[in-house]
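Chemist: Got a structure for you, written out below as structure tokens; questions coming shortly.
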Amino acid sequence: KNQVEQSPQSLIILEGKNCTLQCNYTVSPFSNLRWYKQDTGRGPVSLTIMTFSENTKSNGRYTATLDADTKQSSLHITASQLSDSASYICVVSASYGNKLVFGAGTILRVKS
Amino acid sequence: DVKVTQSSRYLVKRTGEKVFLECVQDMDHENMFWYRQDPGLGLRLIYFSYDVKMKEKGDIPEGYSVSREKKERFSLILESASTNQTSMYLCASSPSRRSYNEQFFGPGTRLTVL
């Protein structure tokens, strides 16, 4: 069964600290993996996308990694800011049937 | 910038009412999607459409129907709302049939059914 599991479910960190969010997937055959950021009361917005051949992708203070062998991805946030408080969703695309599989998300709260 | 708008941010309806959720995108995208999002669950696909007047069932279509009379507009219809349809509803669009994964989301409609 195609699944995407994210951990932790929620996380609280102090402003300025770094954090890493995890995503494990069983989607096969794999096409690409995308991380979305969803602010409270808003729709998700894409942060990064990685295909099979890419193992790291950065977008400002956000760096995503992908290990296609172990089917794991991580999203690292550097020098966190209050505006990073949001839900972060991992989405994996299968290369057939145009199927997207969504993780349940990690809720991040950055405190001052 | 792609803009996907939804007709209401918050909606409160009573059990048994017919509910219409409207979504409009302004980038001439072929594909449009309706999802619902519940705490602890990932987004779940209700219906999608890859062309005008075309629709395909997603993973949880029961209790919902859709309408796409114009390319830019995709409507989700709850024929008889029930309390278990209380949820956040997200509309999305993507450019072409080959790029379902490049989805752009609207702000969402939080529907409460009493």
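Chemist: Based on the inverse mean of 1/r over its pairs of different Cα atoms, what is the Kirkwood hydrodynamic radius of chain B, in Å?
Modeler: After inverting the mean inverse Cα-Cα distance, the result is 13.9 Å.
Chemist: With label points built 7 Å along Cα→Cβ from the Cα atoms of residue B:96 and residue A:10, find their separation and express it in nm.
Modeler: 4.3 nm
Chemist: Now for a different question. Can you return the lysines within cross-link range of residue B:57? Criterion is Cα-Cα under 29 Å, with same-chain partners fewer than 8 residues away left out.
Modeler: Output for residue B:57: A:1, A:37, A:71, A:99, B:3, B:13, B:18, B:70, B:71.
Chemist: Calculate log10 I(q)/I(0) of the range A:1-77 for q = 0.11, 0.23, 0.26 Å⁻¹, where I(q) comes from the Debye formula with a single equal point scatterer on each Cα and nothing for solvent.
Modeler: So the normalised log intensities are -0.29, -1.21, -1.42.
Chemist: About the Cα centre, and with charges only on the beta carbon of Lys, Arg (+1) and Asp, Glu (-1), how big is the dipole of chain B? Nearest 20 debye, please.
Modeler: 200 debye
Chemist: Whole-Hz Karplus ³J(HN,Hα) for the range A:70-84, in order, using 6.51 cos²θ - 1.76 cosθ + 1.60 and θ = phi - 60°, x for Gly and Pro?
Modeler: Couplings: 8, 6, 10, 9, 9, 10, 9, 10, 9, 6, 4, 10, 4, 6, 7 Hz.
Chemist: Moving to a separate point now. ³J(HN,Hα) across the range A:2-8 via Karplus (A = 6.51, B = -1.76, C = 1.60, θ = phi - 60°), whole Hz, x for Gly/Pro?
Modeler: 6, 9, 10, 10, 10, 8, x
Chemist: With the cut-off at 16 Å, report for the range B:38-86 the share of all Cα pairs above it, as a whole percent.
Modeler: Tail of the P(r) past 16 Å holds 44 percent of the pairs.
Chemist: Relative to the present Cα-Cα distance, how much length would full extension add between residue A:61 and residue A:18 at 0.36 nm per residue of separation?
Modeler: 14.5 nm
Chemist: Given R₀ = 41 Å, what would the calculated FRET efficiency be for residue A:78 paired with residue B:28, taking r from the Cβ atoms and rounding to 0.05?
Modeler: 0.65
Chemist: Just round it to a whole percent: the fraction of Cα-Cα distances in the range A:60-112 exceeding 16 Å.
Modeler: For the range A:60-112, the share of Cα pairs beyond 16 Å comes to 54 percent.
Chemist: Among B:58, B:42, B:16, whose mean-square fluctuation peaks in a Gaussian network model of chain B (Cα, cutoff 10 Å)?
Modeler: B:42
Chemist: Taking the simple approach of a point 7 Å from Cα along Cα-to-Cβ for both residue A:52 and residue B:5, what is their distance in nm?
Modeler: The two pseudo-label positions are separated by 4.2 nm.
Chemist: Using the Kirkwood formula on the Cα atoms of the range B:53-114, what hydrodynamic radius do you get, in angstrom to one decimal?
Modeler: So the Kirkwood estimate lands at 13.2 Å.
Chemist: Additional query: Go from 0 up to the bin containing the longest alpha carbon distance in the range B:1-46, width 5 Å each, and give me the % of pairs per bin.
Modeler: Cα pair-distance distribution for the range B:1-46, in percent: 5, 14, 20, 24, 22, 10, 4, 1.
Chemist: Sticking with this structure for a sec: Please state the charge dipole magnitude for the range A:18-112, taken about the Cα centre, from unit charges on C-beta atoms (+1 on K and R, -1 on D and E), reported in debye and rounded to the nearest 20.
Modeler: 240 debye
Chemist: Just tell me how shielded B:35-44 is by partners: mean number of partner chain Cβ atoms within 10 Å of each residue's Cβ, no decimals.
Modeler: Per-residue shielding by partner chains comes out at 5.
Chemist: So for chain B, averaging the separation of alpha carbon pairs under 8 Å that are six or more residues apart and normalising by length, what relative contact order in percent results?
Modeler: Once divided by the residue count of chain B, the mean separation gives 36 percent.
Chemist: Expressed in whole Å with the largest first, what are the equivalent ellipsoid semi-axes of the protein assembly as shown derived from the C-alpha gyration tensor as the square root of 5 times each eigenvalue?
Modeler: Working through the eigenvalues yields semi-axes of 29, 21, 16 Å.
Chemist: Using DSSP, restrict attention to beta bridges with both residues in chain B and report what percent are antiparallel, rounded to the nearest 5.
Modeler: The antiparallel proportion sits near 90 percent.
Every number in this text was worked out from the coordinates using simple rules, so none of it is lab data. Just so we're clear, the structure is a prediction, and the values are computed from it rather than from any experiment. Neighbour counts are summed over all protein chains in view; Cβ atoms, including those assigned to glycine, are modelled from backbone coordinates with ideal geometry.
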